[in-house]
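The values are calculated or read from the model by the stated rules, or taken from the named source; none is laboratory data. Because the structure is predicted, anything quoted here is derived from the model rather than measured. Glycine also receives a Cβ, built like all others from the backbone with ideal geometry; neighbour counts cover every protein chain displayed.
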Amino acid sequence: MDQETNTAELAIAPGVREVASEDGAVLLDIEQGVCFSLNPVGLKIWELLKRGCSLEQITDALGQEFPVARPQLVSDAREFIAALEAKQLIRRPNQTITKKSGFFENLLRRKRRLSAQ
């Protein structure tokens, strides 16, 4: 994520669903069949991304809750956001989507093959 981490233009992928608890959250992209777990810090970043917060705002919010040096917070937040982008759970406008054959897609293909027999 080299574009100076402009998080304001990021959007949650349309097929992503979440289930949150005090222990974090689980994200499921129903289009890709991708599952991604978040610890409480990851959930906090996710919630701030959903609100359109900038990297600076995310870092400020994390700094208020966790006693960690700011450069480390920035680095960790960037790394986490890059991981979400790599899994295509968040996207930039006009981003080319690499269609992966996910679990649900494979299941549907198998069902169609069996039905055709």
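Would you confirm, using the coordinates I've provided, whether residue 7 is crowded, with 17+ Cβ neighbours inside 10 Å and more than 21 Å from residue 93 (Cβ to Cβ)?
Values: crowded, with 17+ Cβ neighbours inside 10 Å: yes; more than 21 Å from residue 93 (Cβ to Cβ): no.
Against the criterion (crowded, with 17+ Cβ neighbours inside 10 Å and more than 21 Å from residue 93 (Cβ to Cβ)), residue 7 does not qualify.
From the list 72, 88, 64, which residue is part of a loop (DSSP other than H, G, I, E, B), more than 13 Å from residue 7 (Cα to Cα) and modelled with pLDDT of 90 or more?
Result: 88 is the single residue among 72, 88, 64 that is part of a loop (DSSP other than H, G, I, E, B), more than 13 Å from residue 7 (Cα to Cα) and modelled with pLDDT of 90 or more.
What are the pairs, 6+ residues apart or on separate chains, where a residue within segment 33-47 that is more than 16 Å from residue 79 (Cα to Cα) has its Cβ under 7 Å from a residue that is in a helix (DSSP H, G or I)?
33/103; 33/104; 33/105
List the pairs whose first member sits in segment 51-70 and is closer than 21 Å to residue 11 by Cβ, whose second member is of a type in the set (Phe, Trp, Tyr) and surrounded by 14 or more Cβ atoms within 10 Å (Cβ to Cβ), and whose Cβ atoms are under 9 Å apart, counting only residues at least 6 apart or on separate chains?
Close Cβ pairs (under 9 Å, with a partner that is of a type in the set (Phe, Trp, Tyr) and surrounded by 14 or more Cβ atoms within 10 Å (Cβ to Cβ)) do not exist here.
Given the condition over 16 Å from residue 15 (Cα atoms) and among the acidic types (Asp, Glu), answer yes or no: does some residue in segment 75-91 qualify?
Taking every residue of segment 75-91 in turn, at least one turns out to be over 16 Å from residue 15 (Cα atoms) and among the acidic types (Asp, Glu).
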